[in-house]
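Worksheet for the structure shown next.
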Amino acid sequence: MSRAMRPIVERLVRQPHLWLIGFIGLIVPRRLRGDWRREWESELRHRELMLAEWDRLDGRHKLELLRRSTGAFLDALWLQPRRWEDAMIQDVRFGIRMLAKHPGFTVAVVLMLALGIGANAALFSAVNGVLLEPLPFPQPDQLMTLHQSKPNFATGAIPYPNFLDWRRENRTFSAMAISRGSSFSLLGAGEAERVDGRWVSAEFFSVLGVEPALGRTFASGEDAPGAGPVAVISAGLWQRRFGASGDVIGRSVTLDDKSYTIVGVLPASFGLYPTTDVYVPIGQWNNPALENRQAALGLHGIGRLRPGVTRAQAQADLDGVMQRLAAAYPDANRGNGAAIVPLKELMVGDVGLTLWLLLGAVGFVLLIACVNVSNLLLARSTGRTREFAIRAAVGAGRWRLMRQLLTESLLLSCAGGGLGLLLAWWGTRAALGVLPTALPRAGEIGLDGRVVLFTVIVSLLTGIVAGLAPALRIRAERLAETIKEGGRGAGGGRHRAQGILVAVEMALALVLLIGAGLMIRSLSALWRVDPGFRPENVVTFGIGLAPDMQSATPEAARASLRDLSDRLSAVPGVRAASFSDGAAPLQSEDDVFFWIDGQPKPASTSEMHMALVYRVEPDYLTAMGIPLERGRFFTRDDDERSRPVVVVDTAFADQYFPGADPIGRRVDLGDDRGAYEIVGVVGHVTQWSLNRTEDGRESLQAQLYEPYRQVVANTPGVGVVVRTDGIGPAVMDSIRRVVREHDGRNVVFGTETMAQIMEDSLAANSFSMLLLEAFAAVALLLASVGLYGVVSYLVGQRADEFGIRFALGAQRRDVLRLVLGEGLRMTAGGVALGLVAAFALTRLLDSLLYGVSATDPATFALIAVLLVVVALLACWIPARRAATVDPMTALRRG
Amino acid sequence: MGKGYLSFSAAAVLQAVANGYLYGFDIIDATGLPGGTVYPALRRLEEAGYLVSRWEKHTIAREAARPIRKYYEMTRAGEDALGEAVKRYRMLERTEPKGERAPKPNEA
């Protein structure tokens, strides 16, 4: 046995308990080890000595000592967490010191990460608020919207008598209510204002579970005709017109010349109808059509399912009710059914797909930022090779050094995350301020716990991903080499890693750029779509008429309207003006049932044909710029006294008179005026959407025009379309003046240009396109900066080599070509990878694109070329620097 | 372990120290708890501020020709905590203080 081993073996044999302590002590954290061993060993020694004193140190007691020393194992285990605390705090302190030493680097990286993480947080808060967050009502999953399905319209309005039957006979809803939007002229408590209102049934607010902030909502029975006129107002109106005063309950407001008593104020958090200011019981609506089982007055229902009832069960229940109604009232209800759509689905619409796609896109941007940071850290870790090598030499393990690097990158990413969260908060508020209607449920987008948690997780992942590459490059044997070499190796492996990272960045940027490019092409295709009318210099607005228009005789009303129309046409700057009722392209829809004269009258409306109806004046064609194809349009002679005439569009003609001339044929509109003669055919206008595919999905395309003067008399308001010589405030001011001159109580509201309306109808597309463009631009910038950084760094590393090449006779352009070639190689790899990825991923955009395929080769090629050009530019500066290396300096240094 | 709530074994250890058993192994004997319980309890109690630990004076140990031992003393806070624990764990009252209190080993 060797000399060194003897004492150890002796100890093992004679004092195994002490040896065991020494063995267990190996797992105790180094800092605490000394103390720990001393305590245990001294206790064991003490006991050993005591036992020896008492002459009891025999085999049994020795075993006892051994047993006691095993307790040290649990104690050592208990001390393990200390190890982490110490090391972690050390790492963090050291990391902060290192980052503070290079403030420029640190600030640049933190900013880059803040942008990336902040963009992700902002978009996630949108996804969270719109898609993930449940609606702000009690048990929101029970809330369903109710509609009547007709043969050609799946979610149509419910006639009021049908609704009453549904409410009485259903078995699956605990409560049901109905409502319809409207607008009122509000007087009292300030100057006259046009406000959005809603006719509701009495249980409307209790179905939703909304408690009033002040006062009460409607009591049951208050929606019956003849009940007292009461109203519930919004928090916004309460603040605006009543200064949020506490005594608003019991005060009255005048809506359309009728006085209502305010009984309640809604809380500010009620956002289902954000622009609606006043809610009035439906019984107050003086409309005889409410009793007509065939009249669809734009009423839609909302109901709360009973606990435990599924949507399918409710659907079956209402289907049964409708079947009974169809049997009892075949004229009105044959062929109609019930449709149930969850409230959340209705509110959120199609925006879900877009939001998720955008979240994916912004994830790419963050990934590129990560890769950039990774490259930067990688480059910087070269400069620290000596530091790491020395630390390794004095005992720091590979894992320890890796942990140090990861800690630094985590510090950077958490700082970036914190700043990013601030940016996200500020950014979403700014964006929503600019585009409040771009998203549904916009009021619920904000920073809540889930968004913060998401940001924390993203920050941690970012730190890990960014720090991974440099951390993995710590290799013990390389470190030893580096000390020998004096710390200046170029590190071929490091070079390769950087090259791969740059290629990945380029690939990601390419995918985003192609996505943005496709969206741009799609949007410009949409803009080029011919809507069937000429929108330039066209303005639409509404006029709320003086209340006695309603109570006047039809003749007096008509005369007054004619007067107003003439005045409007006479305004200087107005080229053509026309009243417009019924449907309006891209704005509102209205339809009529009809049958072709000469064919037998269908037994119920479900067997009649349907057409969009536009009630307009003779100047409408000029005002809208719609071409007249055949026959004639209306004239001033087409009024209530002349024979009934209509004009149809080309779609109507093709559908109902294919191959024949519709002029002279007649249609019956089911009113008491008999058959209408078709006197003209005009061009088809885009009614539903500028997106031809979306528009084409609507089955109702036939369009029919009625002369305004023939059909409209007593009306509370009119819509107006005006073509001006140029859009300017002067014309609208003159129009407003003229309208008030006609009657001081008239109110002009809702002024919009046709161009604006077209823009709004493309708003959803524009919004996502804008965002995608922004992300792609940022991605391109980041990727170019990344490429520039890497090439720059490589040039710096190889400066000596270039110097030597020059000394050996190389030309400037050879070195230039060399460097550019390097950059191009990385770019080429990235482009190849990116094209493959883009090919796979752009399919996800399919439903958002119009007029261009998701794999459009022209776009792909163009973007690839663009990327290569930008990459060349990014490499140019470092390449030039390489070409101007002074060979003498290099030789001297080497 | 947060301030205020002592587990039974921690309370037992604290009581043992109060009864005059100041060294780790003595506490093990007095409480009957194993070393793997007593020592972690001692450390937790020290972290919570109920005990302080000290090494005994070199001179004492040198005379006995053995390494110096670490001993534990109760703090004011520890006394309060023990008072609370005793109310909760009735069995603690039945422990016996160590014979006549051994003279406190002077600080190392």
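Counting the residues of segment A:739-755 that are in contact with a strand residue (DSSP E or B) (Cβ under 9 Å, 6 or more places away or on another chain) and either within 16 Å of A:Val721 (Cβ to Cβ) or surrounded by fewer than 17 Cβ atoms within 10 Å (Cβ to Cβ) (or both) gives 11. Considering only segment B:1-60, state which residues are open to solvent by 50 Å² or more (accessible area, probe 1.4 Å), within 13 Å of another protein chain (Cβ to nearest Cβ), of a type outside the set (Asp, Glu) and part of a helix (DSSP H, G or I). The answer is B:Arg44, B:His58, B:Ile60.
Of the residues making up segment A:1-26, those that are away from chain B (no Cβ under 14 Å) and assigned to a helix (DSSP H, G or I) number 14. Scanning segment A:607-652 for residues that are β-branched (Val, Ile, Thr) and free of Cβ contacts under 8 Å to residues at least 40 places away in the same chain yields a total of 2.
Identify, please: which residue in segment A:240-290 is aromatic (Phe, Trp, Tyr) and within 22 Å of A:Ala224 (Cα to Cα) and is, among those, surrounded by the most Cβ atoms within 10 Å (Cβ to Cβ)? Here the answer is A:Tyr260. Based on this model, can you work out whether B:Glu93 counts as more than 23 Å from A:His46 (Cα to Cα), more than 12 Å from chain A (Cβ to nearest Cβ) and at pLDDT 90 or above? Criteria not met by B:Glu93.
Check A:Arg575 against each of (1) outside any helix (DSSP H, G or I); (2) at pLDDT 90 or above; (3) open to solvent by less than 10 Å² (accessible area, probe 1.4 Å) and name the one condition it does not meet. For A:Arg575, the failing item is (3). Only residues that are charged (D, E, K, R) and either open to solvent by less than 20 Å² (accessible area, probe 1.4 Å) or within 21 Å of A:Trp285 (Cβ to Cβ) (or both) were counted in segment A:154-177, giving 3. Only one entry in A:Thr715, A:Thr724 is open to solvent by less than 20 Å² (accessible area, probe 1.4 Å) and out of contact with any strand residue (DSSP E or B) (no Cβ under 7 Å at 6 or more places or on another chain), namely A:Thr715.
Just one of (1) surrounded by 15 or more Cβ atoms within 10 Å (Cβ to Cβ); (2) part of a helix (DSSP H, G or I) fails for A:Trp399. It is (1).
Applying the condition of being open to solvent by 60 Å² or more (accessible area, probe 1.4 Å) and more than 9 Å from chain B (Cβ to nearest Cβ) to segment A:38-56 and asking which residue is nearest to B:Ala65 (Cα to Cα) yields A:Glu53. Being open to solvent by 10 Å² or more (accessible area, probe 1.4 Å) and at positive phi narrows it down to one residue among A:Gly363, A:Gly335, A:Gly320; which is it? None of the other options fit; the residue is A:Gly335.
Out of curiosity, is A:Gly680 open to solvent by less than 60 Å² (accessible area, probe 1.4 Å) and modelled with pLDDT under 85? No; evaluated as a whole, the condition is false for this residue.
Residues checked against (1) assigned to a helix (DSSP H, G or I); (2) open to solvent by 50 Å² or more (accessible area, probe 1.4 Å); (3) modelled with pLDDT of 90 or more:
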position: A:Val852; (1), (2), (3): no, no, no
position: A:Ala861; (1), (2), (3): yes, yes, yes
position: A:Ala864; (1), (2), (3): yes, no, yes
position: A:Ala882; (1), (2), (3): yes, no, no
position: A:Thr889; (1), (2), (3): yes, yes, no
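Residue selection: A:Ser642 satisfies the criterion of being under 27 Å from A:Ile543 (Cβ atoms) and modelled with pLDDT under 90. At least 2 residues being aromatic (Phe, Trp, Tyr) is the threshold, and among the strands (runs of 3 or more DSSP E) wholly inside segment A:248-299 not one reaches it. Residues in segment A:65-99 that are more than 9 Å from chain B (Cβ to nearest Cβ), among the hydrophobic types (A, V, I, L, M, F, W, C) and open to solvent by 70 Å² or more (accessible area, probe 1.4 Å): A:Trp84, A:Met88, A:Ile89, A:Ile96. Within segment A:178-186, at least one residue is over 12 Å from A:Val280 (Cβ atoms) and crowded, with 16+ Cβ neighbours inside 10 Å. Screening A:Leu367 against (1) within 23 Å of A:Pro159 (Cβ to Cβ); (2) at pLDDT 85 or above leaves a single unmet condition, (1).
Scanning segment A:27-37 for residues that are surrounded by fewer than 15 Cβ atoms within 10 Å (Cβ to Cβ) and within 11 Å of chain B (Cβ to nearest Cβ) gives a single hit, A:Asp35. Suppose the filter is crowded, with 16+ Cβ neighbours inside 10 Å and modelled with pLDDT of 90 or more; does A:Ala231 pass it? Answer is yes for this residue.
Within 30 Å of A:Asn765 (Cα to Cα), of a type outside the set (D, E, K, R) and in a loop (DSSP other than H, G, I, E, B): does that describe A:Pro531? Here the answer is yes, as A:Pro531 does meet what is asked.
Criterion first (in contact with a strand residue (DSSP E or B) (Cβ under 8 Å, 6 or more places away or on another chain), more than 28 Å from A:Arg194 (Cα to Cα) and open to solvent by less than 10 Å² (accessible area, probe 1.4 Å)) does A:Leu700 satisfy it? Criteria not met by A:Leu700. The number of residues in segment A:527-551 being closer than 16 Å to A:Val718 by Cβ and small (Gly, Ala, Ser) comes to 3. Of note, A:Leu12 satisfies the criterion of being aliphatic (A, V, I, L, M), over 16 Å from B:Ala61 (Cβ atoms) and out of contact with any strand residue (DSSP E or B) (no Cβ under 8 Å at 6 or more places or on another chain). Restricting attention to segment A:141-153, the residues that are closer than 20 Å to A:Thr310 by Cβ and open to solvent by less than 40 Å² (accessible area, probe 1.4 Å) total 7. With a requirement of 1 or more residues that are closer than 30 Å to A:Val195 by Cα, the helices (runs of 4 or more DSSP H) lying completely within segment A:730-814 that satisfy it span A:754-761, A:763-797. Counting only residues that are of a type in the set (Val, Ile, Thr), over 27 Å from A:Ser374 (Cα atoms) and open to solvent by 20 Å² or more (accessible area, probe 1.4 Å), segment A:785-835 holds 1 of them.
Of the numbered criteria (1) under 26 Å from A:Thr715 (Cα atoms); (2) touching a Gly at 6+ places or on another chain (Cβ under 9 Å); (3) not acidic (Asp, Glu), the one A:Ala556 fails is (2).
On the stretch given as segment B:61-75, residues that are without any contact (Cβ under 8 Å) to a residue 12 or more places away in the chain and facing another protein chain (nearest Cβ under 9 Å) total 5.
The values are calculated or read from the model by the stated rules, or taken from the named source; none is laboratory data. Please read all numbers here as calculations on a predicted model, not as lab measurements. Methodologically, a virtual Cβ is constructed for each residue, glycine included, from the backbone with ideal geometry; neighbour enumeration extends over all protein chains shown. Ligands, DNA and RNA are stripped out before the accessible areas are found, and what is left, the full protein with its side chains, is counted by its heavy atoms. Shrake-Rupley method; radii C 1.70, N 1.55, O 1.52, S 1.80 Å.
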